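Below you'll find the structure, written out as structure tokens, and then a few comments.
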Amino acid sequence: MRRFGFVLLLVLASCTPTPASPPATGAASRQSAAEADATLASLRRVDDLPLYEMTYTGDYDASAPGPQPTAATPFGCSLFAAFGDPDRPVFGRNFDWDPNPALVLRADPPDGYASISLVDLRYLGLSAADDPRGDRRLLDAPLLPFDGLNERGLAVGMAADEGAFATPDPAKPTVGSVRILRLVLDQAATVDEAIAVFARHNIDFVGGPPLHYLLADASGASALVEFTAGRQQVERGTGRWQALTNVPLIGVGEQERRHDTRYRVLADTLGRSGGTVPEADALGLLRAVAQPHTRWSVTYDLGAGRLRVVTAQRWQTVHSFRLAVS
């Protein structure tokens, strides 16, 4: 049985590492000059986090060299998938980190699924003080989705799992621990297909905290992906909900999982409701597990493609976005 330093994990566990250097410069772009200009011209400021929205026009190389996060001061994140109402499956996520600018990114690659995702712009070298208008570093934004939803109703997000590590298989290509989310959003229509994307790749945790992942799709399927003893492990959801914070879960009993405060709040709430989370209550559940450094809280309606985003715990202001799902 694994031992957990839960108090320490709540302070030290992270959903993402600090930005890499040097910043991105559009190395992943496969756009024409006109497509790049259209992408940058679509940027609009949504609020003063600052939160931006941008539509990526054209193609990109999801395997191109790009920004690779590195670790410094970790914090924590909380995620859940709830399927009690089969007509409204929902995926929720708090991103708890430093006060960085964020981007709601729309992408529709010619050889992949359309998606909408959230990106921490500090990892592209942009600070809250920068004016990003016309900045070509934004053209690498598709490489760094921290959570997202694609047109088939598949959602993915991640959080740190401090004790995990991944042993590489020389027969597989290696991708970064955040980049794998882009491959999943582009290539997978279901949880099963997303698990297969993970299985085809080595995940590179070098320089950053190791991560684990929550997957969910519009059919009501969900799964955790973790790395134990160097190997990928999967726990498929068997009930009406799954939750994830910053403690390892696979092979750990439910009572021991609940030693983690945020996991316990999610599990107790979702258990009482049978996994039913009305749209009006989903952000409330994220509010219940928010921390002082929660940068964004987002709920994804997997069936309807609706996103609701709150930044910096300003719960009275909800930004709504929509992705056409099929």
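Read-outs: derived from the displayed coordinates by stated rules, not from any lab. Everything numeric in this text was worked out from a predicted model, so none of it was measured. FYI the Cβ positions are ideal-geometry reconstructions off the backbone, even for glycines, and counts take in every protein chain you see.
A few points about this structure:
- Relative contact order %, the chain, counting alpha carbon pairs below 8 Å whose residues are six or more apart: 22 percent
- Helical contribution to [θ] at 222 nm, DSSP H n ≥ 4, -39,500 (n - 2.57), averaged over the chain, rounded to 500: -5000 deg cm²/dmol
- The distance between label points at A38 and T55 comes to 0.9 nm (points 7 Å beyond Cα on the Cα→Cβ vector).
- Rough spin-label spacing in nm, given labels placed 7 Å along Cα→Cβ, for R272 and D130: 4.4 nm
- The fewest-to-most ranking of V325, V277 by surrounding Cβ atoms within 10 Å reads V325, V277.
- Unit Cα scatterers, Debye sum, the chain: log10 I(q)/I(0) for q = 0.07, 0.10 Å⁻¹: -0.24, -0.50
- In sequence order, the range 101-106 has phi-based couplings of x, 10, 9, 8, 10, 9 Hz under the Karplus curve 6.51 cos²θ - 1.76 cosθ + 1.60, θ = phi - 60°, and Gly or Pro positions carry x.
- nm² value of the averaged projected area, convex hull over the Cα atoms of the range 172-285: 8.0 nm²
- Cα gyration tensor, the range 187-250 - rounded (a/c under 1.5), prolate or oblate: oblate
- Summarising the amide proton neighbourhood of Q31: residues at separation of 5 or more, or on other chains, whose placed amide H is nearer than 5 Å comprise D59.
- Among Y56, Y123, the ranking by other beta carbons within 10 Å of each residue's beta carbon, starting with the fewest, stands as Y56, Y123.
- Computed FRET value (nearest 0.05) for S326 with Q255, which takes r as the C-beta separation and R₀ as 35 Å: 0.30
- Overall form of the range 235-287: prolate. Here a/c, set by the Cα gyration tensor axes a ≥ b ≥ c, is 1.5 or more, and a/b is the larger of a/b and b/c.
- Both the radius of gyration and Dmax for the range 257-320 are 12.3, 34 Å, in that order, over alpha-carbon atoms.
- In sequence order, the range 223-240 has phi-based couplings of 6, 9, 10, 10, 10, 10, 6, x, 10, 5, 10, 10, 10, 7, x, 10, x, 9 Hz under the Karplus curve 6.51 cos²θ - 1.76 cosθ + 1.60, θ = phi - 60°, and Gly or Pro positions carry x.
- Gyration tensor (alpha-carbon) shape descriptor, the range 82-196, a/c threshold 1.5: rounded
- Peptide packing: for 146-154, 163-171, the average count of neighbouring Cβ atoms within 10 Å per residue gives the ranking 146-154, 163-171, highest mean first.
- Taking other C-beta atoms within 10 Å as the exposure proxy, H319, H212, H201 rank H319, H201, H212 from fewest upward.
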